[in-house]
Amino acid sequence: MIGNDIVDLESALTESNWKRKGYLNKIFTKNEQLLILKSNYPDIMVWNLWSKKEASYKIYNQITGNRIYNPLQFECFDSEQYIGIVKNNGVSYYTRTEINSLYIHTISVLNLDDFEKIRFEDRNSEIIKINGIPFLKNRDKNVLNPISISNHGRFEKIVSLLQTQSTF
Amino acid sequence: MNKEETILKLKAIIKPFVNNEEAFENMSETTDFITDLNINSANIVDIILDVEEAFAITIDNQSMEKMLTINATLEVIETKLAENDRK
């Protein structure tokens, strides 16, 4: 399984006002809020944490089939590192986050080894859905690679997880 | 407040965050904020905060968890309003 989430920083700035009363409390834990408030770049920290939660939630959604809106239940750890952890109900998700002046992009996986198996795809990839979960069909190898699509503002990222075993 | 009034009030709250106008025009109770109206997930918080203000209710996390469709949101509003009345 793989999840990813991109935040277009320009869009985020105009679409959301995280300084609004009550906003942070609804989606960030006390520790996460402290990180935001202590940060030299609080805007970046807000969307850094948000993208980690979203990318990990996408895996949760694929595994359980449940759709929920509860960002508080996905708590970020080691958020200032390139590789971080998100925990939800005893499950750990590993996150890798790229931050630049244009966007923040997080990829979430269930095993650290999976970071070696990530491929970036384009729009022309052959994507099929099984029980609502998207896969990339790799005809040469007879395998289905889990895939995750994320878009926001000017950006879109499609990432897949390379499988070696035959899955169809 | 009857259901029609609640729906009207809710529609006005949602409108600024909608990215699919056609789906908004054809809205039904099963309409989904994210998959139908293409609302950015970071803006669902705004909707929840606006709902709290407009209806003078407090939405706990357990209730918030379900608020991805019109129906679910209406149910949460009704339940919370009823709780307020009992206080």
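The values are calculated or read from the model by the stated rules, or taken from the named source; none is laboratory data. Note that the structure is predicted; figures quoted are calculated from it, not measured. Cβ placement follows ideal geometry from the backbone for every residue including glycine, while neighbour counts extend to all protein chains displayed. Accessible surface areas use protein heavy atoms only, side chains included; no ligands, DNA or RNA. Shrake-Rupley method; radii C 1.70, N 1.55, O 1.52, S 1.80 Å.
Couple of notes before you dig in:
- Using alpha-carbon coordinates, inclination of helix B:3-14 to the longest axis of chain B, degrees: 60
- Column: log10 I(q)/I(0), Debye, Cα scatterers of segment A:1-143, q = 0.12, 0.21, 0.22 Å⁻¹: -0.51, -1.39, -1.48
- Which listed pairs, of A:19/B:15; A:38/B:80; A:58/B:3; A:52/A:129; A:117/B:15, have C-alpha distances above 31 Å, in listed order: A:38/B:80; A:58/B:3; A:117/B:15
- Put simply, the convex hull of the Cα atoms in the protein assembly as shown casts, on average, a shadow of 15.0 nm².
- Sites residue B:15 and residue A:139 - FRET efficiency at Förster radius 45 Å, r taken between beta-carbons, to 0.05: 0.50
- Residues of segment A:59-98 that bury at least 10 Å² of accessible area once all protein chains are present, compared with their chain alone (1.4 Å probe, heavy atoms only, ligands and nucleic acids left out), are A:67, A:68, A:69, A:70, A:72.
- Shape metrics for segment B:35-87, restricted to C-alpha atoms - Rg then Dmax, Å: 11.2, 37
- Solvent-accessible area buried by A and B, counting both chains, probe 1.4 angstrom, square angstrom: 1700
- Among the protein heavy atoms of the protein assembly as shown, carbon and sulfur supply 47% of the accessible surface, probe 1.4 Å, non-protein parts ignored.
- Helix axis angle, B:41-55 relative to chain B longest principal axis, alpha carbon, degrees: 40
- Of the chymotrypsin sites (Phe, Trp or Tyr not before Pro) in segment A:65-149, the ones in a loop by DSSP (not H, G, I, E or B) with at most 11 other beta carbons within 10 Å are A:82.
- Degrees, to the nearest 10: A:42-64 long Cα axis against longest axis of chain A: 40
- Over the residues of chain B, the helix contribution to mean residue ellipticity at 222 nm works out to -18000 deg cm²/dmol, using -39500 (n - 2.57) for each DSSP H run of at least 4.
- Here the simple spin-label model places points 7 Å from the Cα toward Cβ, and for residue B:2 and residue B:82 these points are separated by 1.9 nm.
- Residues in segment B:31-49 occluded by at least 30 Å² - accessible area, probe radius 1.4 Å, against chain by itself: B:40, B:41, B:42, B:43, B:45, B:46, B:49
- Table column - 3J(HN,Hα) (Hz), segment A:75-83, Karplus curve with 6.51, -1.76, 1.60, x for Gly and Pro: 9, 8, 10, 6, 5, 8, 8, 4, 9
- In the context of the full set of protein chains, the protein assembly as shown has a per residue accessible area of 52 Å² (1.4 Å probe).
- Solvent-accessible surface, computed for protein heavy atoms with a probe of 1.4 Å, shrinks by 20 Å² or more for the following residues of segment A:7-30 when the other protein chains are added to the isolated chain: A:15, A:16, A:20, A:23, A:26.
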